[in-house]
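Data block below; observations after.
The values are calculated or read from the model by the stated rules, or taken from the named source; none is laboratory data. Just so it is clear, the model here is predicted, and its values are computed rather than measured. Cβ placement follows ideal geometry from the backbone for every residue including glycine, while neighbour counts extend to all protein chains displayed. These area figures cover heavy atoms from the full protein model, side chains too; ligands, DNA and RNA do not enter into them. Shrake-Rupley method; radii C 1.70, N 1.55, O 1.52, S 1.80 Å.
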Amino acid sequence: MPHHVLIVGAGQSGLAAAYAALEQGLRPVLLEASDRAAGSWPRYYDSLTLFSPARYSALPGLPFDGDPERYPHRDEVVAYLTRYAAVLTERGAELRTGARVLSVRRGPDEKGFLVRLTDGQELTAPALIAASGSFDRPHRPALPGLDAFTGPVLHAADYRSPASLPGEHVIVVGAGNSAVQIAHELAAERRVTLVSRAPIRFVEQRPLGRDLHFWFRVTGFDRLPLARADAPPAAPVLDDGRYRRALREGHYTRRPMFARLDGDQAVWPDGVSERVDAVLLATGYRPNLPYLADLGAPTADGHPRRRRGLSLTHPGLGALTADGQPRQRHGLSLTHPGLGYLGLEWQRTPSSNTLRGVGADARRVVAALARHLRARA
């Protein structure tokens with residue numbers, strides 16, 4: 001008998017999906033490419049701390065230990081996710097580590113899904129959730145002269161500490177939380193120029209003495225059903241005052257995007273050049289879903305029917321667009337019944353790809369898939 005639901009990835013999104021599946025009486029199987037269930041968290045930079053307190057950063061059903069008002073460190077999050085996975089397996093979820101998904105195709109008789117792993121194993125299931133995140137697909141924008149720059153170019157995905165970058169002058173490209181946090185850390189040992197196309201938008205982290213996420217919860221901002229088109233051009237930087245103060249005092253500087261890189265020189269819009277030893281790109285990520293590339297349109301015999309909660313507006317197309325974006329709405333495939341997504345940026349709300357928000361998305365996606373399975377049965 002096939003598994004009720006296969007979940008690709010056992011990071012925060014996959015674990016939230018497994019919890020929701022158990023709530024629905026389904027049997028989740030988590031397929032994790034690495035050797036443990038913590039997603040990309042073990043590979044983030046060493047000094048990373050959450051921008052939301054522990055109280056607002058937990059997945060459903062299991063709060064963080066300790067002071068709920070503290071801001072957990074990266075290693076605390078790794079330990080928390082490992083503990084969360086252990087609780088799920090005790091409740092009946094199956095976790096397979098070292099299980100990297102190679103491809104997903106339509107299942108036998110065009111029903112469900114056939115999942116092939118890199119070790120040759122094949123699994124079938126009537127429902128599948130792609131929760132593999134985006135960390136393995138860092139976005140590297142085509143900046144003028146970047147490919148010919150003679151110094152090292154590092155993405156934030158590969159950054160661990162200031163020792164990761166040589167030289168005296170480092171350019172950090174980006175305007176989000178990670179860009180500012182890394183620039184601030186590097187500034188203790190390097191000359192740092194933070195460049196971005198628009199000025200940094202700082203937001204007070206604790207207005208009126210309460211963390212911003214308290215106000216998100218009170219006002220319902222985190223639950224607003226905003227699509228990507230409604231999202232702001234860049235997320236604001238949450239600041240308790242240290243980042244703005246360091247910028248104001250000249251510990252690091254912020255400049256508009258350079259006109260180009262030329263050898264080891266950055267040429268600024270006013271024509272002035274200066275030497276740069278390294279470039280760090282804190283430019284985000286894109287959905288990492290190559291295993292769905294072969295999940296094309298169903299055949300005529302297996303043409304999908306409309307199911308409650310699964311509105312198929314593109315039934316004759318593959319699961320992904322030409323540039324690898326999923327055809328989905330609020331985490332439900334627009335092309336293939338039984339296929340869901342979790343952890344996409346601005347998937348349904350501003351917090352969709354965060355620890356604090358993915359649980360709510362998981363419940364909605366899994367509930368829709370459960371309705372589909374019941375109708376299919």
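When the stretch 22-35 is limited to residues that are of a type in the set (D, E, K, R) and under 16 Å from A86 (Cα atoms), the one that is farthest from the chain's Cα centre (by Cα) turns out to be R27.
The number of residues in the stretch 4-36 that are in a loop (DSSP other than H, G, I, E, B) and closer than 16 Å to T89 by Cα comes to 10. Among the residues examined, R91 qualifies as of a type in the set (K, R) and out of contact with any strand residue (DSSP E or B) (no Cβ under 7 Å at 6 or more places or on another chain). Scanning the stretch 42-52 for residues that are in a loop (DSSP other than H, G, I, E, B), open to solvent by 30 Å² or more (accessible area, probe 1.4 Å) and either among the acidic types (D, E) or in contact (Cβ under 8 Å) with a residue 40 or more places away in the chain (or both) gives D46, S47, F51. Figure legend. Inter-residue proximity from the stretch 286-306: first residues under 15 Å from L114 (Cα atoms), second residues modelled with pLDDT under 70, beta-carbon distance below 8 Å, spacing 6+ or different chains. Indicated pairs: A297/P315; A297/G316; P298/P304; P298/P315. Of the residues screened, D119 is not one that is out of contact with any Leu (no Cβ under 8 Å at 6 or more places or on another chain) and not in a loop (DSSP other than H, G, I, E, B). Scanning the stretch 36-48 for residues that are more than 17 Å from the chain's Cα centre (by Cα) and of a type in the set (K, R) gives a single hit, R36. When you check G39 against the structure, is it on the phi > 0 side of the Ramachandran plot and either outside any loop (DSSP other than H, G, I, E, B) or free of Cβ contacts under 8 Å to residues at least 40 places away in the same chain (or both), yes or no? No; evaluated as a whole, the condition is false for this residue. With respect to Y19, is the statement that it is under 19 Å from the mean Cα position of the chain (by Cα), closer than 16 Å to R363 by Cα and buried (at least 21 other Cβ atoms within 10 Å of the Cβ) true? Yes, satisfied. The combined condition, being under 19 Å from the mean Cα position of the chain (by Cα), aliphatic (A, V, I, L, M) and in a loop (DSSP other than H, G, I, E, B), is not fulfilled by A79. Considering R206, R248, R217, R197, the condition of being basic (K, R), over 30 Å from P326 (Cα atoms) and either surrounded by 20 or more Cβ atoms within 10 Å (Cβ to Cβ) or within 25 Å of the chain's Cα centre (by Cα) (or both) is satisfied by R206 alone. Inclusion of A131 among residues that are in contact with a helix residue (DSSP H, G or I) (Cβ under 6 Å, 6 or more places away or on another chain), at pLDDT 95 or above and among the small types (G, A, S) is warranted. Looking across the stretch 183-194 at every residue that is more than 20 Å from H139 (Cα to Cα) and in a helix (DSSP H, G or I), the one that is least open to solvent (accessible area, probe 1.4 Å) is identified as L186. Could you grab me the full set of residues in the stretch 3-53 that are over 15 Å from G359 (Cα atoms) and either among the aromatic types (F, W, Y) or touching a Pro at 6+ places or on another chain (Cβ under 6 Å) (or both)? Matches in the stretch 3-53: V5, W41, Y44, Y45, L50, F51.
Just one of the listed residues (A86, A58) is out of contact with any Ser or Thr (no Cβ under 7 Å at 6 or more places or on another chain) and farther than 16 Å from P28 by Cα, and it is A58. Within the stretch 118-136, residues that are in contact (Cβ under 8 Å) with a residue 60 or more places away in the chain sit with their Cβ atoms under 6 Å from residues that are open to solvent by 20 Å² or more (accessible area, probe 1.4 Å) and assigned to a strand (DSSP E or B), at 6+ positions apart or across chains, in these pairs: T124/L114; S134/Y285. Restricting attention to the stretch 158-182, the residues being open to solvent by less than 20 Å² (accessible area, probe 1.4 Å) and either modelled with pLDDT of 95 or more or polar (S, T, N, Q) (or both) number 12. Of all residues in the stretch 131-157, exactly one satisfies the criterion of being in a helix (DSSP H, G or I), under 18 Å from W268 (Cβ atoms) and open to solvent by 40 Å² or more (accessible area, probe 1.4 Å), namely A148. The selection criterion, being in a strand (DSSP E or B), of a type in the set (K, R) and out of contact with any Ser or Thr (no Cβ under 9 Å at 6 or more places or on another chain), holds for R96.
To keep it simple, each residue is scored yes or no on (1) under 29 Å from P53 (Cα atoms); (2) open to solvent by less than 50 Å² (accessible area, probe 1.4 Å); (3) modelled with pLDDT of 90 or more.
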{"residue": "H314", "(1), (2), (3)": "no, no, no"}
{"residue": "L320", "(1), (2), (3)": "no, yes, yes"}
{"residue": "T335", "(1), (2), (3)": "no, yes, yes"}
{"residue": "R348", "(1), (2), (3)": "yes, yes, no"}
{"residue": "S352", "(1), (2), (3)": "yes, yes, no"}
{"residue": "A360", "(1), (2), (3)": "yes, no, yes"}
{"residue": "R363", "(1), (2), (3)": "yes, no, yes"}
{"residue": "R376", "(1), (2), (3)": "no, no, no"}
